[in-house]
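> Sharing a structure with you now.
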Amino acid sequence: MSGEEQREGQEAMNVYSITLAGPAPWGFRLQGGKDFSMPLTVSRLTPGGKAAQAGVGVGDWVVSIGEINAEDMTHVEAQNQIRAATDSLSLSLSRAFNAGGEQKC
């Protein structure tokens with residue numbers, strides 16, 4: 001019987017980065033933005049699409065698009081940055097965990 005580890009500092013968020021090979025479609029939809037007073041969030045994934053295959057989850061927050069911080073982007077600014085990516089799309093996202101932090105091995 002081994003002891004269980006809990007990492008209190010990381011229970012809320014986990015930032016990860018992906019690069020999707022172009023061209024579009026990328027296989028996800030966003031909601032929110034500075035103009036909606038909400039973080040840019042993945043609202044929908046295309047089953048089997050590029051984003052889903054890369055492990056993106058519904059509810060994940062967009063931290064950056066390419067090298068640009070997405071925190072202060074409006075919805076349209078984010079759309080424009082994504083549309084401007086033709087050869088590849090690099091995103092940093094933050095995955096929110098359940099408050100209980102349940103994870104069974």
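The values are calculated or read from the model by the stated rules, or taken from the named source; none is laboratory data. Predicted model only: the values in this text are computed from it and were never measured. Heads up, the Cβs are rebuilt from the backbone with ideal geometry, glycines too, and the neighbour counts pull from every protein chain shown.
> Every residue in the stretch 31-53 that is farther than 17 Å from VAL15 by Cα and in a strand (DSSP E or B), please.
GLN31, GLY32, GLY33, MET38, SER43, ARG44, LEU45
> Just give me the residues in the stretch 1-32 being touching a Gly at 6+ places or on another chain (Cβ under 8 Å) and at pLDDT below 90, in sequence order.
Once the filter is applied, which keeps residues that are touching a Gly at 6+ places or on another chain (Cβ under 8 Å) and at pLDDT below 90, the stretch 1-32 yields GLN6, GLU11.
> Please state which of the following conditions LEU45 fails to meet, knowing it meets all the rest: (1) surrounded by 14 or more Cβ atoms within 10 Å (Cβ to Cβ); (2) farther than 18 Å from ALA24 by Cα; (3) free of Cβ contacts under 8 Å to residues at least 24 places away in the same chain; (4) not polar (S, T, N, Q).
(2)
> Name the residues in the stretch 54-80 that are assigned to a helix (DSSP H, G or I) and either touching a residue at least 24 places away in the same chain (Cβ under 8 Å) or among the hydrophobic types (A, V, I, L, M, F, W, C) (or both), would you?
Once the filter is applied, which keeps residues that are assigned to a helix (DSSP H, G or I) and either touching a residue at least 24 places away in the same chain (Cβ under 8 Å) or among the hydrophobic types (A, V, I, L, M, F, W, C) (or both), the stretch 54-80 yields HIS75, VAL76, GLU77, ALA78, GLN79.
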